[in-house]
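The values are calculated or read from the model by the stated rules, or taken from the named source; none is laboratory data. Since this is a predicted model, take the numbers as computed values, not measurements. Cβ coordinates were reconstructed from backbone atoms using ideal geometry, including for glycine residues, and neighbour counts include every protein chain displayed.
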Amino acid sequence: MDTIDYYQIMSIGVYGSAIGLILIGLYAVLMKKHLTKIVIGLSIIDAGINLLFIAIGYISNGTAPIYSSQGIDLVKAGTPMVDPVPQALVLTAIVIGFGVTAVALSLVIRLYRHHNTARIDQIKSLKW
Amino acid sequence: MKKLLIILLLAVVGYFLTVSMSNIKFGANRMGDSSQPKTVGAFYLSKTPGELSVANVITAIVVNYRGFDTLGEVSVLFLAATGLGSILYKKKKKGEHLPTVKKPSSALLQAGSKLIFPAILVLGAYVFIHGHLTPGGGFQGGAIIATGFLLMMMSYKDFTMNHSVITWVESLAGITFASIGLIGLVVDHSFLENFLPIGRINDLISGGIIPLIYVAVGFKVAAELSGVLDTLLSIKEK
């Protein structure tokens, strides 16, 4: 029996869940009628993309890119540090995602006030 | 019919995502050795301890190498908070007080949140003060502080944020960030250039301007997130 390739399984798990989150979010955005659920779908897509970024930056057996005293010892012993650039980008992306969600929710509230409903199939003025 | 089309679209998107990701091996070292950096990530990893003496490389990237980007990010957050306020603006009647929650919460929750609220504030301050040494930073610490304010808003009926205090904290923090950048421009001919001594790695006071900027970002994010939460919670329907 061959040795089980641990990283093969991990890659299927991590990439699979990231792509799965993106697809679930896209499904929610396209299928759901309630605007709040569409906003939730957008933030699920966000989470999937962030997970994908972090997974791409991972290096097997890598440690966090922090030069604490343990980190310096680990690097001297030959442990690689994971790529810091995707993590910094994801930090930015999370903050922007928060801004997008907040503004989208406020627009939903505004629509609800105007039309008395937040379901897009009941907002009549959208029909052309 | 529509559902079928959407599932077909999702299948196509999923297929192409899977195909493109299958070429990227999970856990492979694409950065190269940090003694001879090939990619920008390895370059940051090799330069950060010597150039900036900042332990947390992500902080070094966010605040120093891409500090201008972070200034833009903070202003996006500011715009989101302002836009939220202006979209949801409703003229208040004189002397009208908008309650954040309708029913008062239980005595247990009130006592517990009073007990835990200072601890949350201290944890948030710890996270953004130590942003250059440990995982965390201004954005994370600010978010933690905002959760503390959210807890107070949820448990106390008449807990309201003072909006003029929020605006002042926000503006002062933003001005601090921008003026530190401008001092760098005057002293070292480059915006956000480090003009303070970098100190020793893993000391609390190290990394030059990075801790100062992250403390300012922490205050700004905490004020903005609390303001957003307060705006969203004090919506009055009809």
Can you pull out every residue in region A:21-69 that is of a type outside the set (A, V, I, L, M, F, W, C), assigned to a helix (DSSP H, G or I), surrounded by fewer than 17 Cβ atoms within 10 Å (Cβ to Cβ) and within 8 Å of another protein chain (Cβ to nearest Cβ)? A:S69
Please determine, by comparing only the residues of region B:1-54 that are in a helix (DSSP H, G or I) and hydroxyl-bearing (S, T, Y), which one is modelled with the highest pLDDT. B:Y15
Quick one: in region B:215-227, of everything that is among the β-branched types (V, I, T) and crowded, with 24+ Cβ neighbours inside 10 Å, which residue is farthest from B:I166 (Cα to Cα)? B:V217
Restricting to region B:153-191, count the residues that are more than 20 Å from B:T82 (Cβ to Cβ), β-branched (V, I, T) and surrounded by 12 or more Cβ atoms within 10 Å (Cβ to Cβ). 3
Any idea which of B:G27, B:G41 is buried (at least 22 other Cβ atoms within 10 Å of the Cβ), facing chain A (nearest Cβ under 7 Å) and within 27 Å of A:G20 (Cβ to Cβ)? B:G41
Looking only at residues that are within 8 Å of another protein chain (Cβ to nearest Cβ) and polar (S, T, N, Q) in region A:70-118, which one is surrounded by the fewest Cβ atoms within 10 Å (Cβ to Cβ)? A:T92
